[in-house]
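Single-structure report; data block below.
Only the coordinates and a few stated rules stand behind these numbers; no lab work does. Values in this document were obtained by computation on a predicted structure and should not be read as measured data. Backbone-built Cβ (ideal geometry, glycine too); neighbour counts: all protein chains shown.
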Amino acid sequence: MEKLVIGNLKMNLLSAIERERYLKAFKNELKGKKLSRINLVLCPPFVHLEAFKKAHLGKKVSIGAQDMFWERSGSFTGEISPAMLKDAGCEYVILGHSERRRYFSENDEEVKMKVSSALKNGLKPVICVGESKVERSGGQAARVVGRQVRNAISGLNRTQAENIIIAYEPVWAVGSDILPTSNEIMEAKVLIRKILVELFDKKYAGLVKIIYGGSVNSHTAREACVDPAMDGALIGRESLTPFEFLKIAEIINT
Ligand code: PGA
């Protein structure tokens with residue numbers, strides 16, 4: 001199974017000039033990189049999606065969005081439809097990111113509706129789950145992560161499994177430079193896989209990719225993603241520097 005290295009560019013690249021500079025640097029850095037076992041995904045802000053698609057970054061690179069609404073069309077001022085994302089060339093969509101849960105009060109029910117709509121519309125959801133610092137110190141990490149996973153995917157058809165990605169992103173590790181240990185990441189992965197087996201049975205559960213995200217950089221990538229045998233990584237800050245992002249991808253490729 002190929003590994004996924006996803007860049008979440010968040011609310012950055014503030015102008016067309018910045019975007020073009022980024023794309024040029026990305027193309028340059030990509031040349032000659034050995035990434036035979038990796039698929040890369042770049043998730044820019046909505047307004048840059050078409051330009052990223054048209055930049056022809058090559059077979060290795062797919063495009064994703066950072067969020068979407070669950071309805072396909074209609075009177076939903078300010079929202080973006082899965083059909084629009086598909087038409088703009090997206091293959092993936094990040095859903096339930098901790099910043100959306102925290103700043104926009106997204107809850108499990110909404111994440112569930114988005115996940116189901118993404119799959120229905122031919123997009124692969126990257127479902128973010130993870131406990132807060134308080135939840136971890138209170139011994140609640142497994143309960144919270146388990147609840148988020150179950151709520152996001154229960155009721156889905158097991159034949160959809162191969163299009164689902166779960167990103168374990170402890171809230172306290174996102175944007176913080178603090179990382180769980182390899183063992184803690186592995187524990188979360190085992191827990192998530194167990195729930196997947198319960199919901200989809202073994203054969204299909206194995207098709208779901210489980211990746212890690214939160215303060216991954218070229219120094220931490222091995223410990224966070226390779227040692228716990230994750231199926232890839234979700235990268236925030238470091239994805240803004242193509243050199244660093246692709247260096248992480250090379251480490252995960254090995
Ligand atoms: P970070 O963000 O790599 O900057 O910690 C990860 C994420 O938000 O997915």
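Listed here are the pairs LYS34/LYS124; LYS112/LYS133; LYS53/LYS203; which of them are more than 27 Å apart at the Cα?
LYS53/LYS203
Amide H of ALA65: which non-local residues (sequence gap of 5 or more, or other chain) have their own amide H closer than 5 Å, using H built in the peptide plane?
Those lying under 5 Å, H to H, from ALA65 are TYR92, VAL93, ILE94.
Would you please give the FRET efficiency between LEU207 and MET186, computed as 1/(1 + (r/R0)^6) with r the Cβ-Cβ distance and R0 = 22 Å, to the nearest 0.05?
On the way: r = 20 Å, r/R0 = 0.89.
Plugging the Cβ-Cβ distance into 1/(1 + (r/R0)^6) gives 0.65.
Please list log₁₀ I(q)/I(0) at q = 0.25 Å⁻¹ for the range 175-232, using the Debye equation with identical point scatterers on the alpha-carbon positions.
One equal scatterer on each Cα of the range 175-232 leads to -0.95.
With Rg and the Kirkwood Rh both taken from Cα atoms, where does Rg over Rh land for the range 132-204?
On the way: Rg = 13.2 Å, Rh = 13.2 Å.
That ratio is 1.00, to two decimals.
For MET113, project a label point 7 Å along Cα to C-beta. Then give me every residue of the range 134-156 with its amide nitrogen under 18 Å of that point.
So the set is 151-156.
Could you tell me the calculated FRET efficiency between ARG102 and LYS31, based on Cβ-Cβ distance and R0 = 41 angstrom, to the nearest 0.05? Kindly include the intermediate steps, with their values, before the conclusion.
Values: r = 38 Å, r/R0 = 0.92.
It comes out at approximately 0.60.
Give the dimensionless ratio obtained when the Cα radius of gyration of the range 1-90 is divided by 2.2 N^0.38 Å.
On the way: Rg = 14.1 Å, N = 90, 2.2 N^0.38 = 12.2 Å.
In units of the 2.2 N^0.38 Å rule of thumb, it is 1.16.
If you wrap a convex hull around the alpha carbons of the range 3-44, what volume per residue comes out, as a whole number of Å³?
Numbers: hull volume 2.2 nm³, N = 42.
Considering the Cα atoms of the range 3-44, their hull volume per residue is 53 Å³.
Please work out the ratio of the alpha-carbon Rg of the chain to 2.2 N^0.38 Å and round it to two decimals.
0.94
Once all Cα-Cα distances of the range 62-110 are split into 10 Å bins that start at 0, what whole-number percent is in each one?
25, 50, 24
Evaluate E = 1/(1 + (r/R0)^6) for ARG222 and HIS56, where r is the Cβ-Cβ distance and R0 equals 35 Å; express this FRET efficiency to the nearest 0.05.
Numbers: r = 31 Å, r/R0 = 0.89.
After rounding, the FRET efficiency stands at 0.65.
Divide by every residue of the chain the summed helix terms, -39500 (n - 2.57) for each DSSP H run of at least 4, and state the resulting mean residue ellipticity at 222 nm, rounded to the nearest 500 deg cm²/dmol.
-11500 deg cm²/dmol
Comparing ASN157, ASN39, ASN121, which has the greatest mean-square fluctuation in the GNM of the chain with Cα pairs linked when under 10 Å apart?
In this elastic network of the chain, the residue with the biggest mean-square fluctuation among ASN157, ASN39, ASN121 is ASN157.
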